[in-house]
Amino acid sequence: MYYNYELMPTIEKHDAIIVGAGVTGAAIARELSKYKLRVLLLEKEAEPAFGVSKSNSGIIHAGTQNHPDSLKGRLCVAGNKLIREISAELGVHFVEVGQLIVVFDETDVAELDRIKHEGEELGIKDMQIVRRDWLSLYEPNLGPEIAAALYVPSAGIISPYRLVYDLTENAVKNGVVLKTSHRVAGIRRLSGGPYRFEVEAAGSKYQTRFLINAAGLFADKVSAMVGVTDFKITPRKGEEYLLDKKREHIANHLVFPLPTPTSKGILIIKTSDGNPMIGPTARDTEDRNDLATTEEGLNEVLAGARRMMPSIERGDIIAYFAGLRPAAGKDFIIRHETTVPGFVNVAGIQSPGLTAAPAIATMVVGILHGNGLVLTPKKNFHSKREKTTHLFEIPLSKTRELIQKDPSYGDIVCRCEMVSAKEIREAIRRGARTMDGIKFRTRAQAGRCHGGFCTTRIMKIMQEELGMTVEEITKRGEGSELVREERRHE
Amino acid sequence: MNERELVVVGGGPAGMAAALAAGAAGVKDILLLERDQHLGGILNQCIHPGFGLHRFKEELTGPEYADRFVKQVAKTPSIEVSLRSFVVKLTSNMKISYLRPGALEEVQAKSVILATGCRERTREMIPIPGTRPSGIYPAGLAQKMINMEGWIPGKEAVIVGSGDIGLIMARRMALEGMKVKAVIEIQKQSRGLVRNVAQCLDDYGIPLYLSHKIVRIEGADRVEKVVVAAVDDAFCEKPGTRFELSCDTVLISVGLIPENELLEMAGARVDRKTNTPVAAEVNRTSIRGMFACGNACKVYDLVDSVTRDSEKAGQMAAQFLKEGK
């Protein structure tokens, strides 16, 4: 009982709370930040993009290989268009490299035709079946067994985590409150007032009118907290293997085989950072934390990639990781739950979720509006974000200009990927709090030496910028500390 | 553009020896570029003794060994040292662009010696399956953390690979109070020097498992344990031999790779398997007037051998500048 009203704890109140700062949650947050609303974005990990999004391949799909009536197909095609606008506004590096779906047998060309027709129904433009002569000219490293391919020019590539960081940063600039290391521990439904949910996370309580569940692998668990239990997330593991940047030009396009019922197959993926990637595998697992790579996975990926491009070698691999796709049946689940007014599920967002994210965001905002959320546009919405500088993607003449303005651009920390002290400090100022956060933002430690040379320097910069002790520095959040003890000199 | 007779890239033992030898052979205008804020390279973190037995007939630590050369470089007027200087571009006609705090410099050299050293093979190159938690370090990084910074990485360690850095680090961590549970070596014998097996493992009671490999690393946030198994002659796991070792730290010491990305950028031939320059003779490359020495040329066991061969590279460059061959 509080006798003094002033001492009564006030509970933060919001118009909308989004659970999960992956690409889906970040896109929704940014879309909502265009309106006069109080929005809270909760993330259980130490930084955004540390869940499903960090293992994304970075492919902006054209929309092929989805049923024309599916949410996936419709939102993927719409997202492919929207992502170009968003990446221009936010300064994210998007490249339309195009995609080839290759077949080894002439008889499979009929299947390519079917994919092409389905794609055309969805509105995908300029696809064509190409033959050996075209392939020899434009994708010369393809193996001789390949008979033909479907060329889909509108497919592209983007950095999945930088997209999430930039969406989040822009949302926060426009007033969204981001709270990391905030795992949702419980949700209580309220009755009577305008605030319908009380969310408990990291020991605090937050009330909201609308609650959006974009919790990725844990979306079914969050949904169950309000009593909606009619779907289950089945993680589907994918192992990916990154090649040395020296092999950047091994492929000119995204190269796909014909899809199987559960996956798009083992792909050769150009990435926006230059390192080609091969993978992913596709295996259902019960364990939502199973991020282990396996020997079988490596062999499957190498065999699949080498079948399309025989010059790829095991020795080209410099890094690997596994990610989990949050599958919930065949299609995305995006809906307002009528049994729980104000609660919107955005679940089962697996491939092509990254591409679809901006379209999912507009759809979700439409759903919220349709269920009573008043949308008053902000006059002072900042749609643009200053592009982050990466020395590895600019010519030396530009680097010279930058060094003249700020000498620390000439202070190289990561030698494999050419990342300067300035870029590391900038990443920290923009929100990086962990070694992985710095890696995803800048590429420092992501090259062939895996941080062997730059780790200690980055840790020192973090100490300087954040005032942390070295024992507090983590790879990706609490529990992943790098140093047990510093021997301090008296 | 600034012109130079000779540019040496890398200020470790190889680069310093090459620059000094070139100076002694009459080259008057040498620029020595070093990435770090001091000369000496990896020797600076090798605080254990055992260096210089051939060269100086006495036992020095790494920093002591480096210091002898650093002092000589300082006394040699024909050598100009540029620290914190990172080469970003090298062309076949020996134009060099390098960054340093505050400037992008461009130099036209008549001859170039690459003394860029080597990097460690990583966990990813073996590769070891499993999770990717914190607590997995290349042995050289762990050495730098402990010896240069005083940062103790963990409490209980397992070392993969019995190369010299792994063995030295087993002893170093034991001395710092860490429990070193095992060194795991896939080969039938240790890859390191015999004296290191005796002095670093046997003296400290650290078990060496030959013909074994780590089949899995486990742990969500920080390493929790490794799964080890015996292997047959083809390095395949022998069924029924698995056992677990709990640990919070895994050091990877499975060999070194010459760093020749600059040489490759210049268009010289580099062997794709070993990453060494393809040339008829040690210290030469496929580009005339461009030389490579030290661990960039081939991975050496002893720094005395690096010094000896790198001096030859300096002399070769001097001869090239004099006679054009």
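Using Cα positions and a limit of under 21 Å, work out the lysines in reach of A:Lys205, with same-chain residues fewer than 8 apart set aside. Here the lysines satisfying the reach criterion relative to A:Lys205 are A:Lys13, A:Lys44, A:Lys179, A:Lys221. What percentages, rounded to whole numbers, describe P(r) for the stretch A:154-298 computed over all alpha carbon pairs with 10 Å bin width beginning at zero? Reading the bins upward from 0: 9, 25, 30, 23, 11, 2, 0.
As a proxy for reagent exposure, ranking B:Cys293, A:Cys449 by other Cβ atoms within 10 Å from fewest up yields A:Cys449, B:Cys293.
Assign one of three labels to the stretch B:122-252, namely rounded, prolate or oblate, based on the Cα gyration tensor with a ≥ b ≥ c the square roots of its eigenvalues; rounded applies when a/c is under 1.5, prolate when it is not and a/b is larger than b/c, and oblate otherwise. It comes out oblate by the Cα gyration axes. Normalised by the number of residues in chain A, the mean separation of alpha-carbon contacts (under 8 Å, six or more apart) gives a relative contact order of 19 percent.
Within the shell of other residues whose beta carbon sits under 15 angstrom from the beta carbon of A:Lys116, the net charge comes to -4, with Lys and Arg scored +1 and Asp and Glu -1.
Dividing the radius of gyration of the alpha carbons in chain B by their Kirkwood radius gives 1.01 for Rg/Rh.
Here's the list of lysines a cross-link from A:Lys439 could span, going by alpha-carbon distance under 16 Å and ignoring same-chain residues fewer than 8 apart: A:Lys54, A:Lys245, A:Lys422, A:Lys460, A:Lys475. With point charges of +1 on the Cβ of Lys and Arg and -1 on the Cβ of Asp and Glu, referenced to the Cα centre of the stretch A:11-141, which listed residue (A:Val52, A:Ser136, A:Leu32) lies farthest in the positive direction of the dipole? Of the listed residues, the answer is A:Leu32. Dipole magnitude for the protein assembly as shown: about 1260 debye, using +1 per Lys or Arg Cβ and -1 per Asp or Glu Cβ, origin at the Cα centre.
Summary of the geometry: the stretch B:1-63 and the stretch A:60-110, compared by the centres of their Cα atoms, lie 53 Å apart. Of the peptides A:208-216, B:107-115, B:88-96, the ranking by mean beta-carbon count within 10 Å, highest at the top, reads A:208-216, B:107-115, B:88-96. Here, the stretch A:391-472 has an Rg and a Dmax of 12.3, 40 Å when only alpha carbons are counted. A simple charge model with +1 on the Cβ of Lys and Arg, -1 on the Cβ of Asp and Glu and nothing else charged puts the dipole of the stretch A:391-472 at about 220 debye relative to its Cα centre.
Note on A:443-454: average number of Cβ atoms from other chains within 10 Å of each residue's Cβ is 5. The calculated pair-distance distribution of the stretch B:251-325 uses every alpha carbon pair, bins of 5 angstrom beginning at 0, and gives 3, 16, 25, 24, 18, 9, 3, 1, 1, 0 percent.
Taking the Cα centre of chain B as origin and assigning +1 to Lys and Arg Cβ atoms and -1 to Asp and Glu Cβ atoms, the resulting dipole is close to 440 debye. Each of A:Asp113, A:Asp316 was scored by other Cβ atoms within 10 Å of its Cβ. Listed from fewest to most, they are A:Asp113, A:Asp316.
Pull up the DSSP beta bridges for the stretch B:122-252 and report the antiparallel fraction as a percent, rounded to 5. Around 40 percent of the beta bridges assigned by DSSP in the stretch B:122-252 are antiparallel ones.
Contour minus end-to-end for A:Asn371 and A:Arg385, with contour as 0.36 nm per residue of separation and end-to-end as the Cα-Cα distance?
1.9 nm
Counting every Cα pair in the stretch A:153-192, what percent are over 15 Å apart? Could you put the intermediate results ahead of the total?
Values: 518 of 780 pairs.
Distances greater than 15 Å cover 66 percent of the Cα pairs.
Within chain A, antiparallel bridges make up roughly 70 percent of the DSSP beta bridges whose residues both belong there. Helix B:13-24 and the longest principal axis of the C-alpha atoms of chain B enclose an angle of approximately 20°. Amide H to amide H, with H built 1.01 Å from N, B:Leu32 comes under 5 Å of B:Val8, B:Glu80, B:Val81, B:Ser82, counting only residues 5 or more places away or on other chains. Label-to-label distance, B:His38 versus A:Arg188, with points set 7 angstrom from Cα along the beta-carbon direction: 6.0 nm. Note on A:403-410: average number of Cβ atoms from other chains within 10 Å of each residue's Cβ is 4. Take A:29-38, A:321-330 and order them by the average number of nearby Cβ atoms within 10 Å per residue, most first; the result is A:29-38, A:321-330.
Residues whose amide H falls under 5 Å from that of A:Val97, counting only those 5 or more places apart or on a different chain, are A:Gly156, A:Ile157, with hydrogens built in the peptide plane. Whole-percent P(r), chain A, all Cα pairs, 20 Å bins from 0: 23, 55, 21, 1, 0.
Helix B:303-323 and the longest principal axis of the Cα set of chain B meet at an angle near 20°. Which angle between 0 and 90 degrees, to the nearest 10, do you get for helix B:62-75 versus the longest principal axis of chain B when only C-alpha atoms count? The angle comes out at about 10 degrees. Modelled spin-label separation between A:Arg38 and A:Glu12, with each label point placed 7 Å from Cα along the Cα-to-Cβ direction: 1.0 nm. Taking only the C-alpha atoms of the stretch B:140-211, the Rg (one decimal) and the largest Cα-Cα distance, Dmax (whole number), read 11.3, 35 Å.
Read-outs: derived from the displayed coordinates by stated rules, not from any lab. Quick caveat: nothing in here was measured; it's all calculated off a predicted structure. Cβ atoms come from the backbone with ideal geometry, glycine included; neighbour counts cover every protein chain shown.
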